[in-house]
Amino acid sequence: SRLAYLLASIPVTLGCLLLLTPSPLLTTNASVAALLKWVQALPDQTNLLLLIALLLMFALTGSWASWWIFRRRNGLVALLPTGTILAVEIINDIIPGPVFFTVVWLAAAASVLLRLNFVALKEGWRTRHVPHAADTGWTFGEVGIEATVAILAIAFLILPPLSSDDISGVLIPGVVHADFVHPFGLGSSSQSAATGSVGYSETVRPGAQLTAKSKTVMRVDGDSPGFYPYWRGIALAGWDGIQWYELPSTRDVPVRLQPLLAAHATLPRDDLAPSLRIQVLHTTFHVLVPPEQTSYTVFSAGEIISVDNQPSKVRGIMTSVGTPLNTQGPALVNVAGDNLPIASFDTVDKIQFAKRLQAPYTYTITEAVPNVDVQDLQAAGTDYPPWLDPYRALYHNGRVAQGTGQDSQIAELAQSIVGAARATTPYDQAKAIESWFIEKGRFTYTLKPPTAPAGVRQLDYFLFDSKKGLCQDFSTAMNVMLRMLGIPSRQMSGFSAGVLDDKTHQHLVNAVEAHSWVEVFFPGYGWIPFEPTPDGVNSPISRPQTLEQLNAAAPSGTDAASRIPPNLREPAGVAPSGSSQGGFPDILRPALIVGGGLLLLLVIASLLALRWLLAARDIPRIWRRLLFLGDRLKVPRRPGDTAEEFGGRLAASLPPLDDDVRQLARLYTRASFREGGLRADELAAAREAWSRIRGSYPRLVAKAWRDALRRGRVLRAEGAASESHEPSPRR
């Protein structure tokens, strides 16, 4: 049978490869030529090769397990490969699916180990000619199953869950996070998945759903920005019709990377407004989640001037430095030791920490927020510098994912909106589009936007059919309309301002407050935010109309009302994660969890004890229960005792059950030495006597434990008294 199993695994493996791997063999036009062409194209299909490798790996691990189980009977070695693969998947994947496979694997592993151990025991008994009861296998299996259930209950219900954060980057510097390169999207399909647990993403895609769970990501204190109620992370300029991406570096769009900006050093940039028209703020961020979940991003409320206590690296457009030949990726600038003058960025899209950090960590920034009124923005004009061309073009270098969809209809819609509003300046046109989206009843904000039908672009489906979307749907639609009007804009990804704690004066930023919005460039003032999402939480920024009103208005802090949607807020009375306030709830929650776990353990132990008592239906098991009771009651067992001698002493300690105990002792002796064992009437009499004893069994065991505890306290007290009466030694 073992050989047949091994031989059958070969065609099963080949069958899995043929059925699960997309190839010409599964099509109606299968031919040798098509198969050869498919094989020649395999080296360029990384995902397909990886799928084939995974199937082969599963087949090999199955063959390995079958060989070691059926041929060598070594369960630990057999289960080692599959256990290792499952452990790596659990550590690196953030989805809950592997939990089910973990339970299945543990149950199967326990069954294999139990069976192999029992087979080894039986072979040892047979070799040594040791007799054993006919029901030993059932007893062994029952105990093993009960132990397995207890272990699984402890592992998944009592112990805290393991973190799914990828720790490979800590162990091996430079390693790539596993989630965002997952080839089949089992955890995710883009870089957003690596950070999906906190909502923040460096890739913005219309139609995506919010998967973050409610937890505090960071606490922010310092100066409150009056006219920028967001914590910006990354600015995305590239749009391919499906998603937003970072601009690649080309000769026409010179994207540059400064690999190290020292702490406290001023960031060289030319896109800040005049000093009289900006607010210079100092803000401190206390980040509570691992930096991998935020892509090591330096968040800010405006344009960063300096990161005051951490080195950082800067990415942005820089036209003052030419593009080197044959360079892949952004060219490095302002490198220490290159003896070149410091070059300034035209605009900055992303700033990240330059060194590895561990949560929680803190950093402080100096930043600039435009302090500008409506009249100045209306008069800003359209004298755009050349480096803004990628922010005005809808598709950079003609990069389109799957056609332009309904772009012409979107352009007509944008023209009709600004025409109906009689908006002529870029600011008025942006406000008109913003107001059109947030008009009550026009669109519906939802955390789970409907998916577009096959062949329909998600943006088109949102605008013209479903009219339901998340923040990235609204901001994408506004950005596309602005660029069709020739207005430079970019897609922002980060967090909304959060909840202002009146006691600590800190903004508590939650994972479900991850947000996307729009920034529009105005000459002389820089990037100005706009809010087209009607989520009832974030709202358009209300700016003073004139410079006099601007100077008279004190910048208002973020409203203390919660910016978290009601259905995603943390439970009332529970302090946000990482908050030092509300210490009692932070203690109460773990206490309740521990108490519930202990109660569950008590229930499991009670059920197992009840199962142990009820399972005794034959005379050997009943006698073992009586031996256990005698040990608890401290009834002496002497070498050479017969069952009736021990039963007599046990019966003397239990006067109400004297006859039943003595009867069971006699019947056990007959069952052990009479050929053929007990008759049916004797077995029925034994079960009847045991049922009467079983009713008092828990009470007797509990009494024995109480007496043991009492004796222990008396002995300790007597020992202490004897020590106090000992004469003190002479000096």
Review point. How far, in nm, would the chain grow between Ala420 and Trp612 when pulled straight, counting 0.36 nm per residue and subtracting the alpha carbon separation?
Key: 61.0 nm
Exercise for review: Mind giving me the FRET efficiency for Leu447 and Ala401? R0 is 25 Å, r the Cβ-Cβ distance, nearest 0.05 is fine.
Suggested key: 0.50
Exercise for review: Along Cα→Cβ, 7 Å out, is where each label goes; now give me the distance between the ones at Val701 and Thr642 in nm to one decimal.
Suggested key: 3.0 nm
Check your understanding: Fully extended, how many nm does the chain gain between Met57 and Gln209 (0.36 nm per residue separation, minus their Cα-Cα distance)?
Key -> 51.4 nm
Check your understanding: Once you put a point 7 Å from the Cα of Val32 and another 7 Å from the Cα of Ala359, both along the Cβ direction, what distance in nm separates them?
Key -> 5.9 nm
Exercise for review: Return the sequence-ordered ³J(HN,Hα) values of the range 492-497 in whole Hz as given by the Karplus equation 6.51 cos²θ - 1.76 cosθ + 1.60 applied to θ = phi - 60°, using x for Gly and Pro.
Suggested key: 9, 10, x, 9, 6, 5
Review point. Residues with beta-carbon under 14 Å from that of Tyr395, excluding Tyr395: net charge, scoring Lys, Arg +1 and Asp, Glu -1?
Key: 0
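Give the order of Arg256, Arg392, Arg638 when sorted by the count of other beta carbons within 10 angstrom, beginning with the fewest.
Exposure proxy ranking, most exposed first: Arg638, Arg392, Arg256.
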Review point. When you count, for each residue, the other Cβ atoms within 10 Å and take the mean per peptide, how do 300-307, 423-430, 335-342 rank with the highest first?
Key: 300-307, 423-430, 335-342
Exercise for review: Only Cα pairs under 8 Å and at least 6 apart count here; give the relative contact order of the range 616-716 as a rounded whole percent.
Suggested key: 31 percent
Exercise for review: Please quote Rg/Rh for the range 587-694 to two decimal places, taking the Kirkwood radius as Rh and restricting both calculations to Cα atoms.
Suggested key: 1.16
Review point. Per 10 Å bin from zero, what fraction in whole % of the C-alpha pairs of the range 228-385 is there, up to the bin with the longest pair?
Key: 10, 35, 37, 17, 2
Exercise for review: Please state the charge dipole magnitude for the range 616-716, taken about the Cα centre, from unit charges on C-beta atoms (+1 on K and R, -1 on D and E), reported in debye and rounded to the nearest 20.
Suggested key: 760 debye
Study note, to complete from the structure: For Gly677, other-chain or 5+-apart residues with amide H closer than 5 Å (H placed, Pro excluded) are none
Check your understanding: In whole Hz, what ³J(HN,Hα) sequence does the range 674-682 give by Karplus (6.51, -1.76, 1.60; θ = phi - 60°), x for Gly and Pro?
Key -> 7, 5, x, x, 7, 6, 5, 5, 5
Exercise for review: Please list, in chain and number order, the residues 5+ apart from Arg269 or on another chain whose amide H is under 5 Å from its amide H, with Hs placed from the backbone.
Suggested key: Phe345
Exercise for review: Round to the nearest 0.05 the FRET efficiency obtained for Gln375 and Leu340 when R0 = 45 Å and r is the Cβ-Cβ distance.
Suggested key: 0.60
Revision key, fill the gap. Site Phe673, offset 7 angstrom along Cα→Cβ, radius 16 Å on amide nitrogen, limited to the range 634-658, gives 640-648
Review point. Which shape class, rounded, prolate or oblate, goes with the range 405-550 when its Cα gyration tensor gives a ≥ b ≥ c as root eigenvalues, a/c under 1.5 marks rounded, and past that a/b bigger than b/c marks prolate?
Key: oblate
Review point. For Val603 and Asp631 in one chain, what is 0.36 nm times their gap in residues minus the Cα-Cα distance, to one decimal in nm?
Key: 7.6 nm
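Every number in this text was worked out from the coordinates using simple rules, so none of it is lab data. Because the structure is a prediction, the values reported are computed rather than measured. Methodologically, a virtual Cβ is constructed for each residue, glycine included, from the backbone with ideal geometry; neighbour enumeration extends over all protein chains shown.
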